[in-house]
Every structure is written in structure tokens, then in C-alpha cells.
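Below: one structure, written as C-alpha cells.
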Amino acid sequence: GAALSITAVTGKHIKFAGMGEKITDLEPFYPDRMASRILGMGDVLSLIEKAQSSMDEAKALELQEKIRKQEFTLEDFKEQMQEMKNMGSFSDILNMIPGLNSKALKGMEMSDDELVKTEAIIDSMTKKERQHPEIINASRRKRIAAGSGTRVQDINKLIKGFEQSRKMMKQLNSMGGKKLNKFKLPFMK
């Protein structure tokens with residue numbers, strides 16, 4: 001509201017908007033995109049621009065192929081989390097997706113601390129465990145928890161979430177058949 005008043009008084013356009021407290025949180029100001037965010041309609045264009053600027057196209061193609069071949073591992077999962085961190089906070093990214101109910105997502109918010117904890121868990125696994133999480137038994141879970149400074153319940157939660165993601169990718173792959181082979185991520189040219 002104050003920005004609109006300043007614009008009206010000075011006759012100058014707004015060039016940048018601060019989306020956080022850091023200098024890196026400055027973004028070009030687009031009135032229509034800001035209005036869409038305020039009205040809860042998301043901001044897909046800004047989301048795609050962020051993804052384009054932070055993701056390497058070769059890595060994205062490699063990831064797409066791994067998903068298609070059902071070879072997605074915890075190493076890939078960790079790499080994707082790091083890419084998302086480069087794009088900004090998890091809640092900001094979710095707010096850019098149109099149609100998502102922000103109230104329903106309140107419990108799903110993933111803080112930077114959660115991301116650090118998840119990375120610590122994955123880093124405490126052996127390479128074989130990261131590539132084949134199904135081999136992680138009770139004694140391995142205890143070792144991983146001790147190595148990452150977390151609880152066994154945290155390891156269980158991570159593995160369960162990862163397996164659900166894998167299952168969903170497998171279903172998408174089987175439903176899409178040949179169509180999925182032509183699937184392109186929205187930020188790829």
C-alpha cells in the first residue's frame with residue numbers, strides 16, 4: 001500500500017521489491033505478478049524464472065532420465081533439496097504455485113533447519129544406503145541417527161517420505177508410457 005502511495009506522489013515506477021530481509025531477496029517488481037501473489041493465485045512465471053536461473057539444464061535432463069528409468073536415489077533427492085534452497089525458502093516457492101491452499105500447507109512448511117537435518121541424515125549414510133535405502137535395517141538406522149545427531153524416528157520419516165515419492169514417480173511413469181518420455185520440465189528449453 002505504501003509503495004502505491006509513493007508511486008502516486010513521486011510519479012516514479014517501482015523497479016524492485018524486497019521479498020525478504022537480505023539483499024539477495026530483491027526481485028524485479030512486476031505489478032501483475034505481485035497482485036496474483038496477494039490474491040493467492042500464485043506466480044508461475046517467477047517460479048519458472050527462479051528455476052531457470054538456479055538449475056543446470058544438463059542436470060535437469062539427467063534427473064528426468066533417472067525418474068523415467070526409476071533410478072532416483074537419496075543422493076538425487078539431496079541434490080534437489082540443495083537446488084530448491086538456491087531458489088529461496090520452501091514456503092515462498094509453494095506460494096508461487098497457483099491453486100495451493102496456503103492454510104492447508106501450514107503443517108508442511110519445511111524450515112532451513114529441517115533441510116539441514118535431512119542433509120545430515122543423508123550424509124550419515126553410506127553410498128550403498130543412499131542408492132538402495134531398502135537395505136537400511138534397524139541397526140543401520142541407529143548408526144545413521146547417531147552419526148547425524150537425530151533420532152531413529154527422523155530417519156524413518158525421511159525414508160518413508162522418500163519411498164512415497166518413488167512410488168508416485170513409478171505410477172506417473174507407468175501411466176504416461178510413451179508420453180512421459182517426451183515430458184519436459186517447465187524450465188527447460
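For every residue, the table says whether it meets (1) touching an Asp or Glu at 6+ places or on another chain (Cβ under 7 Å); (2) at pLDDT below 90; (3) open to solvent by 70 Å² or more (accessible area, probe 1.4 Å); (4) among the hydroxyl-bearing types (Ser, Thr, Tyr).
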{"position": "ILE97", "(1), (2), (3), (4)": "no, yes, no, no"}
{"position": "GLY107", "(1), (2), (3), (4)": "no, yes, yes, no"}
{"position": "ASP123", "(1), (2), (3), (4)": "no, no, yes, no"}
{"position": "LYS127", "(1), (2), (3), (4)": "no, no, yes, no"}
{"position": "ASN137", "(1), (2), (3), (4)": "no, no, yes, no"}
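Across the range 57-74, which residue is modelled with the lowest pLDDT among those that are outside any helix (DSSP H, G or I) and open to solvent by 50 Å² or more (accessible area, probe 1.4 Å)?
Ranking the qualifying residues of the range 57-74, first place goes to GLN70.
Quick one: what pairs do we get from the range 2-31, first residue part of a helix (DSSP H, G or I), second of a type outside the set (A, V, I, L, M, F, W, C) and open to solvent by less than 60 Å² (accessible area, probe 1.4 Å), C-beta under 6 Å, 6+ apart or different chains?
Once the first residue is part of a helix (DSSP H, G or I) and sits in the range 2-31, its partners that are of a type outside the set (A, V, I, L, M, F, W, C) and open to solvent by less than 60 Å² (accessible area, probe 1.4 Å) give ASP25/GLY18.
Report yes if ASP113 is modelled with pLDDT of 65 or more and touching a Lys or Arg at 6+ places or on another chain (Cβ under 9 Å), otherwise no.
When the stated conditions are applied, ASP113 does not pass them.
In the range 1-16, what residues are of a type in the set (Val, Ile, Thr) and open to solvent by 90 Å² or more (accessible area, probe 1.4 Å)?
Correct list: ILE6, VAL9.
Return the residues of the range 75-92 that are part of a helix (DSSP H, G or I) and modelled with pLDDT under 80; say none if nothing qualifies.
Once the filter is applied, which keeps residues that are part of a helix (DSSP H, G or I) and modelled with pLDDT under 80, the range 75-92 yields GLN80, MET81, GLN82, GLU83, MET84, LYS85, ASN86, MET87, PHE90, SER91, ASP92.
Given the conditions (1) modelled with pLDDT under 65; (2) under 24 Å from the mean Cα position of the chain (by Cα); (3) open to solvent by 60 Å² or more (accessible area, probe 1.4 Å), report the number of the one that MET168 does not fulfil.
(1)
Filtering the range 148-165 down to residues that are assigned to a helix (DSSP H, G or I) and touching a residue at least 24 places away in the same chain (Cβ under 8 Å), which residue is most open to solvent (accessible area, probe 1.4 Å)?
GLU163
The values are calculated or read from the model by the stated rules, or taken from the named source; none is laboratory data. The model shown is predicted, which means the values in this text are computed figures rather than measured ones. Counting neighbours? That spans all protein chains shown, and the Cβs are built from the backbone with ideal geometry, glycine included. With ligands, DNA and RNA removed, areas are computed over all heavy atoms of the protein, side chains included. Shrake-Rupley method; radii C 1.70, N 1.55, O 1.52, S 1.80 Å.
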